[in-house]
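Inspection log for the structure reproduced underneath, given as structure tokens.
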Amino acid sequence: MQGSEKVRVRIAPSPTGENLHIGHANTALVSYIFAKQNNGRFIVRIEDTDRTRYVEGSIDRILESLLWLGLDFDEGPGVEGEFGPYIQSERLQLYREHAKKLVDKGAAYHCFCTAEELDQIRNEQVTKGLPQMYDKRCKNLSSEEVEERLKRNEPHVIRVDIPKEGTTAFTDMIRGEISFQNELIDDQVLIKSDGFPTYHLAVVVDDHLMEISHVIRGEDWISSTPKHVLLYQAFGWELPKFAHLPLLRNKDKSKLSKRKNPVFMSWYREQGFLPQAIVNYLGTLLSPVAEGDEIFGIQELVRDFDITKVNITGPAWDQDKLKWINGVYIRNLTVEDLSEKLVDGGFVPDSHTTDRAYLAKVVALEQERLKLLSEFWEQNQFFWETPEVPVELATSVLSEEVLTSYLPEVISALSELDVSSWSSKVLEEVLREVQTRRELKPREAFLTLHIAVSGQK
Ligand code: GLU
């Protein structure tokens, strides 16, 4: 039975990608907020039972990204609590014991079917236009035969025995009641032939043993939930509450994918998005936000967010909107903080970070416009290094002929000034004087100077 009334929520990322996926970051944010709202605990459990998709180093990078976002967890790898270990590959014995309990109760059975047999079952079903699922043939093996074959170490799996009649329903906190016909639910494998549990068994056992009160996850798991509900019932355990969040989408409404959008948190960090801006942007996708109210922090989310009111249509990921929000956060930093973030994040080459006073002057000039930390250097490099100015760029506004006399005139006008008198006002007067004398349009005169100084249009 569920041990306490306490709210305990978890995210359960699998280390199958290079870093934290933004979909998981979204689930993590909602779980974190929900835990805070209810004086509960936010837990991270790593689901690494699919050894074929395991990516080395991914666990550490996922945890690091969560902390970078400010989503500190109360229990998880490295933050041990009384329900650990929090990495599934360290809990294998538990899943085996629990699978055995189900076999003993008659709720699960050993299956010795080979890949060829399973193919053959599937092919027949395809020809007959039937749903593709296991036909339960091993369920009817006598216990003597099963013993015998296990003794001979025949490769096998353990499957759950799903009743063929009736329906399985659950109440989703966001979507209300959802029900599935049992005859369409497959006798899912619980323990694979390599002895590892499948997701379905491990998630149920762990959510129960870790006393998870609310399972918050992406809507792509809705069709798995009835399988889990049946497992809870087979064990005789109380169900947690479920909430399935809409998936983030590409602009064309397809499920957010690597091909159309960067999906890993590491990319956003490398680009110079600030964690508070990402959290804020995710927050704007959760529930409708009025124009003008788009900027808020995690405290406001904890105060105002209502999980039962989440938008169920999957929001489209809009990089430009995120960039705009990032710009707001950048503008709200002090010049010192922004300079520090640029230096610490490696956005200014080490060789140019010693003169902080000079850096601060450039930062103060650029802060208004900057939307991404990674754009800083590209746009301001000329303050440190004389740029290469390609001829085509230099002559894109004024012809080479005009240019070769205009630029020396500007230089000589400026050289007449004492450098200590340089101010934007004085420079503007002098440069306007040259512009009028040369009968150039302001755009021609000043854009040309901008190109000459920065190497950029
Ligand atoms: N390991 C699953 C995933 O990668 C977790 C699903 C769940 O939260 O139950 O998304």
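Here are the numbers for the structure shown:
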item: Any chance PRO197 is at pLDDT 95 or above, within 14 Å of the ligand (Cβ to nearest atom) and over 30 Å from GLU154 (Cβ atoms); result: no
item: Test for LEU150: is it more than 16 Å from the ligand (Cβ to nearest atom), in a helix (DSSP H, G or I) and closer than 18 Å to LYS101 by Cα; result: yes
item: Any hit, the stretch 218-227, residues being more than 13 Å from the ligand (Cβ to nearest atom) and touching a residue at least 40 places away in the same chain (Cβ under 8 Å); result: yes
item: Pick from the stretch 200-217, criterion assigned to a helix (DSSP H, G or I) and surrounded by fewer than 20 Cβ atoms within 10 Å (Cβ to Cβ), ranking: nearest to the ligand (Cβ to nearest atom); result: HIS200
item: Helices (runs of 4 or more DSSP H) contained entirely in the stretch 261-325, each with at least 2 residues that are more than 17 Å from SER65 (Cβ to Cβ), modelled with pLDDT of 95 or more and of a type in the set (Lys, Arg); result: none
item: Matching residues, the stretch 137-152, being closer than 15 Å to ASP187 by Cβ and surrounded by fewer than 15 Cβ atoms within 10 Å (Cβ to Cβ); result: ARG137, ASN140
item: Residue match in the stretch 221-238 (condition: in a strand (DSSP E or B) and surrounded by 19 or more Cβ atoms within 10 Å (Cβ to Cβ)); result: no
item: Cβ-Cβ under 7 Å pairs, at least 6 apart or on other chains, the stretch 152-171 side touching a residue at least 40 places away in the same chain (Cβ under 8 Å), far side surrounded by fewer than 20 Cβ atoms within 10 Å (Cβ to Cβ) and basic (Lys, Arg); result: VAL157/LYS192; ASP161/LYS139
item: Close pairs (9 angstrom Cβ cut-off, 6 or more residues apart or separate chains): farther than 25 Å from ILE222 by Cα in the stretch 297-313, in a loop (DSSP other than H, G, I, E, B) anywhere; result: ILE298/GLY70; ILE298/LEU71; ASP304/SER287; ASP304/PHE296
item: Number of positions in the stretch 181-224 that are under 21 Å from VAL103 (Cα atoms) and hydrophobic (A, V, I, L, M, F, W, C); result: 11
item: Whichever residue in the stretch 326-336 is assigned to a helix (DSSP H, G or I) and without any contact (Cβ under 8 Å) to a residue 40 or more places away in the chain and, among such residues, is surrounded by the most Cβ atoms within 10 Å (Cβ to Cβ); result: VAL335
item: Selection count, the stretch 81-112, where residues are closer than 15 Å to ILE59 by Cα and either of a type in the set (Asp, Glu) or over 34 Å from the mean Cα position of the chain (by Cα) (or both); result: 1
item: Residue match in the stretch 248-256 (condition: polar (S, T, N, Q), part of a loop (DSSP other than H, G, I, E, B) and free of Cβ contacts under 8 Å to residues at least 24 places away in the same chain); result: yes
item: Any hit, the stretch 124-135, residues being within 22 Å of ASP207 (Cα to Cα), in contact with a helix residue (DSSP H, G or I) (Cβ under 9 Å, 6 or more places away or on another chain) and surrounded by 13 or more Cβ atoms within 10 Å (Cβ to Cβ); result: no
item: Selection count where residues are touching a Gly at 6+ places or on another chain (Cβ under 8 Å) and farther than 11 Å from VAL205 by Cα, scope the stretch 93-111; result: 0
item: Test for ALA243: is it over 17 Å from the mean Cα position of the chain (by Cα), touching a residue at least 12 places away in the same chain (Cβ under 8 Å) and within 12 Å of the ligand (Cβ to nearest atom); result: yes
item: Within the stretch 264-283, tally of residues that are closer than 15 Å to ALA28 by Cα and of a type outside the set (Phe, Trp, Tyr); result: 8
item: Checking LEU248 against (1) out of contact with any Leu (no Cβ under 6 Å at 6 or more places or on another chain); (2) within 16 Å of the ligand (Cβ to nearest atom); (3) hydrophobic (A, V, I, L, M, F, W, C), the condition it does not meet; result: (1)
item: Among (1) within 15 Å of the ligand (Cβ to nearest atom); (2) over 30 Å from GLY283 (Cβ atoms), the one test that GLY23 misses; result: (2)
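The values are calculated or read from the model by the stated rules, or taken from the named source; none is laboratory data. Model, not experiment: these values are computed from the prediction. With ideal geometry, Cβ positions are generated from the backbone for all residues, glycine too; neighbour counts draw on all protein chains shown.
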